[in-house]
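Working notes for the structure below.
Read-outs throughout are calculated quantities, based only on the coordinates presented, and are distinct from any laboratory measurement. Model, not experiment: these values are computed from the prediction. Every residue, glycine as well, gets a Cβ built from its backbone with ideal geometry; the counts of neighbours run over all protein chains shown.
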Amino acid sequence: MTLLHVTPADRLLDDLNPSQREAATATSGPLAILAGAGSGKTRVISRRTAYAIETGAVPADQILLVTFTDKAAGEMVGRMRSLGHSGVMARTFHAAALAQLRHFWPSRHDGADLPAILDSKMRLLVPLIGRLPGGYRYTPAKDVADAIEWAKVRRIRPDRWVRDGGDRAPLPADVFARAYRDYEQAKTRAGVLDFEDMLTETVELLEGDAEAAALVRSRKRWFSVDEYQDTNALSERLLELWLGESADLAVVGDPDQTIYTFTGATPEFLLGFAQRHTGGRVVTLTENYRSSPQILELANRLTAGGPRGPLVATAPAGPPPSIGRFADTEAETNGILAWIRAVAAAGVAPSQTAVLLRINAQIPPIEDALTRAGIAFTVRGQRFFGRREVREALTLLRRVRPTETGSELETAIERLFVEKLGLDDVAADAGMEGRERAASLELLLSIVEDKAAGRRTAAGPTAAADASPTIDDVLAELDRRDQAEGAASAEGVNLLTYHRAKGLEWDAVYLPGLDEGLLPIRQAKEEEEIAEERRLLYVGITRARRFLALSSSSRRPSRFLASFGPSGTARRPSAGRSPAGHASTTRVRVLPGAPLATAAPTDDALLEALRTWRRDRARDDAVPAYVVAHDSTLTDIADARPRTLPALRRVRGMGPAKLEKYGPEILAVIEQNTTAAT
């Protein structure tokens, strides 16, 4: 009888599944691990590293574990310490590059120390953008910074931007190239390096100095890179230079979680790994230890398995996810409140409940509803009332103090935002931060609009209403919301965006606002942009362990809901119910009217007719077109095709003053276009 020889290192494999064990024991040569959400990739990385050390594949001091964030690096060091290997180094690309630059810089710059690292581009960019011509001075500095970062990770210098940059910038190519050049010059004058310079300077050092490259490679020769789907071209080049002739590289990532392409990230390095590395192995991790089978069914339908294959549940069955359709956002907010109460009754702690949104401006209405309902919450990430444009808007209102009341006050404030804060369609379409900025200002206008209309809030009929508010009333309402947000409890329901949620998980997750224009965001037009929006929804779904709800409150629900199958294929609720009020069926619970069919496309002919009307009306009134109506408002009108004034009033952006001034004309355009179409 042959006895298996068990080594001390084998203890590291005892609780791993076959795929995890295969990855952990592949301790040499190029390896790509396609790790689905919740598949235990961090455990595999740490166990594989410990196994390599204990089996003699590599000394601990020659290992570099590359992580995406400093927090992840700290956690990885802790995991290695718990496994008995405290000497293993874990760092981000930037931290490792910075250490190398500090070592070599003095000897190559006449003994001078490495320049300071700029903590934020904003310090240099804000004054530069403020000097741009016309409305470009309102372009969010963050969008310009993002475009500069996108250029620098591709090593595109300012003088090459017009030729090589395409339309990635939030400004015309020549204007952006000038701003980019001025930023680089300001950085040189200040004697600082920025975040991308850490990588660029290290790459140029190792490319041009064989001695330095040899020294770096002698110290680290065994690499593992996490979140590899978010690697950009500059990081990839640095990794190649670190490796040299070594083949000991393992990369770990999930192509379905690539949601940072706006920074230059691409999943192509992960997907093409085996082709680029001779002898490269690919191991796939699909067993999910987080979510119920019902939740994973939705995730798999959304991605159709993808290159990694479908996720396989190991958790016990749970309640079916629900997909709801609401008449408007107020009804949807009431639905969120009811769902939060239901999962709480099922035993889910508020801190284990999350509501995920596409953009920050969706959060305040939910904050307000939770405050009035007495439900504790916490905002993860930047608070809405802490955003720059919101602070600027409140300062502006307190300084100018418009004297109008009611609907006239709404018009006066909107004009202020247009003239003083650059609220227009150019800013809204400039970039991610531009969209957030425009949405924030429009939300402030909607609060004024609600006050002017005496509209009840989602909290119910006891909420205060004021049919003819003054600026004092508006400021008091905004201050109340600011204070409620600031008093948020760390133990409350989590409110955050999808991007903030990556890497986190909760027992219960609600995904509202699954509407065309929000998810996918209306600025996503190209195929790859739409694909990234789909991946964003996948990330949201896979944050949930047991309870999941999705909903739409638009005439045009998100096209992604069609991925979950036609309504006829989903089983209707049975009589049995779980404690949270969900049907005890094993399939998704499709609520009455839930949008599972593909959303109807925007009526382009009607939208063009509305734009023509807006242009003519703006010319007659001698005002900019966006004073008449924003492009987003016209798109919503074309989607909804309202045939009456009350129906038109329900379109966001059509306040009482605009309804009175433009309503009949808009309805006439809709009628004419409908007649022409038939």
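In percent, how large is the relative contact order of the chain, given Cα pairs closer than 8 Å and 6 or more residues apart?
On the way: 1147 pairs, mean separation 100.4, N = 678.
Rounded, it is 15 percent for the chain.
Can you sort Thr49, Thr261, Thr674 by how many other beta carbons sit within 10 Å, fewest first? Let's see the in-between values first.
Numbers: Thr49 28, Thr261 18, Thr674 13.
Placing the least packed residue first, the sequence is Thr674, Thr261, Thr49.
So, by mean Cβ neighbours within 10 angstrom, what's the order for 350-363, 122-135 with the highest one leading? Intermediate values should be presented prior to the final figure.
Working: 350-363: 22.2, 122-135: 15.0.
Final packing ranking: 350-363, 122-135.
Sorting check: for 109-118, 388-397, which peptide has the highest mean count of neighbouring beta carbons within 10 Å, and how do the rest follow? Intermediate results must be reported in sequence, preceding the final value.
Working: 109-118: 11.7, 388-397: 17.2.
Per-residue mean Cβ counts within 10 Å order the peptides as 388-397, 109-118.
What is the extension gain from Glu419 to Glu268, computed as 0.36 nm multiplied by their sequence separation minus the C-alpha to C-alpha distance, in nm to one decimal?
On the way: separation 151, 0.36 × 151 = 54.36 nm, distance 4.35 nm.
Roughly 50.0 nm would be gained on extension.
What's the extension gain from Glu528 to Glu207 if we count 0.36 nm per residue and subtract their Cα-Cα distance? Walk me through the intermediate numbers first.
On the way: separation 321, 0.36 × 321 = 115.56 nm, distance 3.24 nm.
Computed gain between Glu528 and Glu207 is 112.3 nm.
How long is the gain from Ser246 to Ala349 if the chain were fully straight, where each residue apart is worth 0.36 nm and the alpha carbon distance is subtracted?
Working: separation 103, 0.36 × 103 = 37.08 nm, distance 4.89 nm.
Result for the pair: 32.2 nm of gain on full extension.
For a quick protection proxy, order the peptides 478-487, 320-329, 85-94 by their average other-Cβ count within 10 Å, most packed first.
Working: 478-487: 15.1, 320-329: 21.3, 85-94: 18.6.
For the peptides 478-487, 320-329, 85-94, the packing ranking is 320-329, 85-94, 478-487.
With a 10 Å Cβ neighbour count serving as the proxy for reagent exposure, in which order, fewest first, do Lys121, Lys420 appear? Could the numbers behind the result be given before it?
Working: Lys121 22, Lys420 14.
Least to most surrounded, the residues fall as Lys420, Lys121.
Can you show me the helix-derived [θ] at 222 nm for the chain, built from DSSP H runs with n ≥ 4 at -39,500 (n - 2.57) apiece and divided by the number of residues, rounded to the nearest 500.
Working: 28 runs with 325 residues, N = 678.
Per the formula, -14500 deg cm²/dmol.
Report the label-to-label distance for Ala618 and Arg81 in nanometres (one decimal), using points 7 Å from each Cα along the Cα→Cβ vector.
5.9 nm
Which of the helices in the chain, when you take each full DSSP H run, stretch at least 27 Å along the axis at their Cα atoms and have an average Kyte-Doolittle score of -0.5 or higher?
Details: long enough: 432-452 (30 Å, -0.06); 656-677 (30 Å, -0.16).
The qualifying helices are 432-452, 656-677.
What would the Debye equation give as log₁₀ I(q)/I(0) for the stretch 155-217 at q = 0.15, 0.22 Å⁻¹, counting only Cα atoms as equal point scatterers?
One equal scatterer on each Cα of the stretch 155-217 leads to -0.60, -0.93.
Take the alpha-carbon centre of the stretch 529-563, take the same for the stretch 203-277, and report the distance between them in whole Å.
31 Å
Rounded, prolate or oblate for the stretch 135-189? Axes are the square roots of the Cα gyration tensor eigenvalues, ordered a ≥ b ≥ c, and the cut-off for rounded is a/c under 1.5.
Details: a/c = 1.44, a/b = 1.08, b/c = 1.33.
Note, shape of the stretch 135-189 comes out rounded.
So, counting K/R as plus one and D/E as minus one, what does the shell of residues with Cβ under 12 Å around Glu207 add up to? Before the final figure, lay out each step's value.
Values: positive: Arg155, Arg237; negative: Glu201, Glu204, Asp209, Glu240.
Taking every Cβ under 12 Å from that of Glu207, the sum is -2.
Test of understanding: ordering Phe262, Phe269, Phe547 by Cβ neighbours within 10 Å, fewest first, what list do you get?
Values: Phe262 17, Phe269 22, Phe547 28.
Ascending Cβ contact count within 10 Å gives the list Phe262, Phe269, Phe547.
I need the Kirkwood Rh of the chain: take the reciprocal of the average 1/r across all distinct C-alpha pairs and report it in angstrom.
Values: mean 1/r = 0.0363 Å⁻¹.
Averaging 1/r across every pair of different Cα atoms and inverting gives 27.5 Å.
Among Leu548, Leu537, Ala116, whose Cα projects farthest towards the positive end of the dipole of the chain, with charges put on the beta-carbon of Lys, Arg (+1) and Asp, Glu (-1)?
The one lying farthest along the dipole's positive direction is Leu548.
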